[in-house]
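The values are calculated or read from the model by the stated rules, or taken from the named source; none is laboratory data. Computed from a predicted model, the values in this text were never measured in an experiment. FYI the Cβ positions are ideal-geometry reconstructions off the backbone, even for glycines, and counts take in every protein chain you see. Only protein heavy atoms, including side chains, enter the accessible area calculation; ligands, DNA and RNA are left aside. Shrake-Rupley method; radii C 1.70, N 1.55, O 1.52, S 1.80 Å.
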Amino acid sequence: MSIIKILFFLKGDITNYEFLSSSIKEIRPNVVVHFAQCPSAPFSMINQEKSVWVQRNNLIGTLNLVHAVKDYAPDAHIIKLGTMGEYGTPNIDIPEGFF
Ligand SMILES: NC(=O)c1ccc[n+]([C@@H]2O[C@H](COP(=O)([O-])OP(=O)(O)OC[C@H]3O[C@@H](n4cnc5c(N)ncnc54)[C@H](O)[C@@H]3O)[C@@H](O)[C@H]2O)c1
């Protein structure tokens, strides 16, 4: 009997390319849903240090994922939702960062 693994949990920092690429290489996913970012706009604007941390974390993590998938699971799909994908363009303030 074969077992189909649907979800995996691995704890690590995706800005660490070694961790991420070895995980993708081991799992060989069909789909990666990418939520591993700091989503808080207010946090990202507290000061210079936090702005730079958020940019570095979110951009390098995403770039690492793109390259790890390209190198080790090139047929996989990456699903990444940004704020506009979640909310569209409503005529209200977007309630991001409250939590
Ligand atoms: N919550 C929303 O309404 C909403 C709306 C639109 C877009 N998004 C986007 O969805 C994504 C996730 O948002 P959320 O609300 O689930 O945030 P969240 O803070 O609840 O979850 C983000 C998770 O990513 C992890 N993470 C952050 N950096 C990481 C890293 N370098 N390596 C590994 N894990 C890391 C955090 O530890 C946390 O568990 C973000 O990109 C956000 O912009 C969220």
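Observations on the structure shown:
- Given a 1.4 Å probe and the protein chains as shown, Ile79 ends up with an accessible area of around 80 Å².
- The value of relative contact order for the chain, using C-alpha pairs under 8 Å at least six residues apart, is 37 percent.
- Label point at Asp75 placed 7 Å out along Cα→Cβ; residues across region 24-52 whose backbone nitrogen lies under 13 Å: 28-31
- Accessible-area rank, largest first, for Asp71, Asp93: Asp93, Asp71, with all protein chains present and a 1.4 angstrom probe.
- Net length available on complete extension from Thr89 to Phe9 is 25.5 nm, with 0.36 nm assigned per residue and the Cα-Cα distance removed.
- Rule-of-thumb Rg ratio for the chain [Cα; 2.2 N^0.38 Å; N residues]: 1.26
- The heavy atoms of Phe35 offer some 150 square angstrom of accessible surface to a 1.4 angstrom probe.
- Unit Cα scatterers, Debye sum, region 31-83: log10 I(q)/I(0) for q = 0.13 Å⁻¹: -0.37
- Exposure rank, largest accessible area first [Met45, Met84; 1.4 Å]: Met45, Met84
- Calculated accessible area for the chain comes out at 80 Å² per residue, all protein chains present (probe 1.4 Å; ligands, DNA, RNA ignored).
- Calculated mean residue ellipticity, 222 nm, the chain: -14000 deg cm²/dmol, from DSSP H runs (n ≥ 4) at -39500 (n - 2.57) each, averaged per residue and rounded to 500.
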